[in-house]
1. If the only charges are +1 at each Lys and Arg Cβ and -1 at each Asp and Glu Cβ, what is the size of the charge dipole of the chain around the Cα centre, to the nearest 20 debye?
2. Which value at 222 nm does the chain reach when only helices count, each DSSP H run of 4 or more adding -39,500 (n - 2.57), with the total divided by all residues and rounded to the nearest 500 deg cm²/dmol?
3. Below 11 angstrom from the Cβ of His125, what's the summed charge of the other residues (Lys, Arg +1; Asp, Glu -1)?
4. Among the listed pairs Lys24/Lys68; Lys89/Lys130; Lys10/Lys169, which have their C-alpha atoms separated by more than 28 angstrom in this model?
5. When DSSP beta bridges are limited to those with both residues in the chain, what percentage is antiparallel, rounded to the nearest 5?
6. Once Lys and Arg get +1 and Asp and Glu get -1 on their Cβ, which of Thr118, Tyr128, Gln157 lies farthest toward the positive end of the dipole of the stretch 87-175?
7. Give, as a single signed number, the net charge of other residues whose beta carbon lies under 14 Å from the beta carbon of Thr42, with Lys and Arg counted +1 and Asp and Glu -1.
8. When all C-alpha to C-alpha distances in the stretch 87-175 are sorted into bins of 5 Å, what percent of pairs does each bin hold, rounded to whole numbers?
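Read the figures in this text as sums done on the coordinates, not as results from a lab. Since we're looking at a predicted model, the values are computed, not measured. We place every Cβ from the backbone using ideal geometry, glycine too, and count neighbours over all the protein chains shown.
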Amino acid sequence: MKRDEVYTQKPMDLLRRVILSSTKPGDIILDPFVGSGTTAATAKELGRQFIGIDREETYVNAARERVKNITPIDLSGIEVSAPKREAIKVSFRELIDAGLLYVGQTLVGPRGDRVMITHDGQLMHTLYGKASIHIMAARIQHSVSFNGWDYWSAQKQDGTLVAIDEIRKYVRDIKSGIKKAA
């Protein structure tokens, strides 16, 4: 296989988004085909460590030169949220057990779809039967999958709607010690 058959150049803007959304400052990024050094340069710019590998010495030298001229940027003014996989887990059942949602309560989708919370923490819909918050949202959307946390809202006593994901964030904050239970 010739080198140009596998060569793919990535724009730095794309790499910045990927690196910021999937790593933390100080993490190590491996690029086994360093080429001109775009990934390594972006990593250095964003305060990440990097390892670049290439079988062509010409590319390695070009990448070294490029990275040498990169100055890390100050990211202190950018709020970077933790990846979802690092967030404290909160189940739908926990919202019910905490009394923030209740069995028999109606949840509402953005298009006015209504479902009822069942005793086993599932949702019941007159046409689509019983399923989890995610599967029910997918069924209503005629989709293979859908994030139910983003889809469903609960009606508050004053009639306004609050997304169940906001309720989950409240519980997450309590679990992490940010807020004290009221």
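1. Once rounded to the nearest 20, the dipole reads 300 debye.
2. -10000 deg cm²/dmol
3. Working: positive: Arg114, Lys130, Arg139; negative: Asp113.
Cβ neighbours under 11 Å give a net charge of +2.
4. Lys10/Lys169
5. 75 percent
6. Tyr128
7. Result for the local shell: +2.
8. Result returned by the calculation: 3, 15, 28, 26, 18, 8, 2, 0.
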